[in-house]
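Comments concern the structure below.
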Amino acid sequence: EAEVAQSPRYKITEKSQAVAFWCDPISGHATLYWYRQILGQGPELLVQFQDESVVDDSQLPKDRFSAERLKGVDSTLKIQPAELGDSAMYLCASSLLPNTPSNTGELFFGEGSRLTVL
Amino acid sequence: QQQVKQSPQSLIVQKGGISIINCAYENTAFDYFPWYQQFPGKGPALLIAIRPDVSEKKEGRFTISFNKSAKQFSLHIMDSQPGDSATYFCAAKYRQFYFGTGTSLTVIP
């Protein structure tokens, strides 16, 4: 069964350090999302890609977060410098179709990367 | 501002009972309402979904009831089983998905 792959599963870092997360979506899925899920809350969108282009990064804290999907396949989310408040689960999701009024764009999530900032 | 409000935060149900989770929204532009199930250490997985032109959708033991005029929708889990113990998120889509805060369901054997 096709899955969204994410690594690392767990990351512990000290504040002010740089961290990076990697995501490989389901093959053929053109739309890729990065979500942040704080413990006890629902996922919140950070950035959405359509192929290699950013569709929505309005909620990405651009002073410290960056995301790229250079070849339109796998993607990297970077945080530099990490802050205590960045401790969360970072979820990657992909969908076959983009979200439009006529498309559902069902999300398939990876298992996430749990970040702890000390 | 929370786009989708979900309740209760936690729920304990006896095996065989009915679990009910409620969500409410304000944005009438939302055009798709899915429910996701998340087990510890895993990502959310789509459970069942409904569009606003339908009042009810049933898949096995899982039913979504949708009240467009009240801007509310709910998930009913019939004959709840211990294996249903998980966190459930409602969501609503308009250009992007907005998730509720989650309900932790525990089904007691």
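Bear in mind that the values in this text are calculations on the coordinates, not laboratory data. Values in this document were obtained by computation on a predicted structure and should not be read as measured data. FYI the Cβ positions are ideal-geometry reconstructions off the backbone, even for glycines, and counts take in every protein chain you see.
Key figures for this structure:
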| read-out | value |
| --- | --- |
| DSSP-defined beta bridges in chain A - what % are antiparallel, rounded to 5 | 90 percent |
| Charge dipole (the protein assembly as shown, unit charges on Cβ, about Cα centre) - positive-most of A:F109, B:T106, B:G41 | B:T106 |
| Length released on extending from B:I18 to B:D79, taking residue separation times 0.36 nm less the Cα-Cα span | 21.4 nm |
| Label-point gap, in nm, between A:S27 and B:S55 - each point 7 angstrom along Cα→Cβ | 4.6 nm |
| Projected-area mean, chain A, by convex hull of Cα positions, square nanometres | 7.2 nm² |
| For B:85-94, mean number of other protein chain Cβ atoms within 10 Å | 2 |
| Sequence-distant lysines (8 or more away, or on other chains) whose Cα lies within less than 29 Å of B:K93 | A:K62, A:K71, A:K78, B:K5, B:K42, B:K57, B:K58, B:K68, B:K71 |
| FRET efficiency estimate (nearest 0.05) - Cβ-Cβ, B:F39 to A:V73, R0 41 angstrom | 0.90 |
| Point-charge dipole on Cβ atoms (K/R +1, D/E -1) for chain B, about Cα centre, debye to 20 | 120 debye |
| From phi via Karplus (6.51, -1.76, 1.60), per-residue ³J(HN,Hα) for the range B:18-25 in Hz, x at Gly/Pro | 9, 9, 10, 10, 10, 9, 9, 9 |
| Amide H within-cut-off set for A:L97, under 5 Å, with H built and near neighbours excluded | A:G105, A:E106 |
| Over the range B:1-58, equivalent-ellipsoid semi-axes from the Cα gyration tensor in Å | 22, 15, 14 |
| Taking A:S113, A:S27, A:S66 and counting other C-beta atoms within 10 Å, the order from fewest to most | A:S27, A:S66, A:S113 |
| Two-site FRET efficiency, B:S65 against B:N27, from Cβ-Cβ distance with R₀ of 25 Å, rounded to 0.05 | 0.85 |
| Pairs of Cα atoms farther than 24 Å apart, chain B, % | 18 percent |
| Sparsely packed GluC sites (Glu not before Pro) within the range A:22-118, loop by DSSP, other Cβ within 10 Å at most 12 | A:E83 |
| Debye-sum result for the protein assembly as shown in log10 I(q)/I(0), which assumes one identical scatterer on each alpha carbon, at q = 0.08, 0.10, 0.14, 0.16 Å⁻¹ | -0.29, -0.46, -0.89, -1.12 |
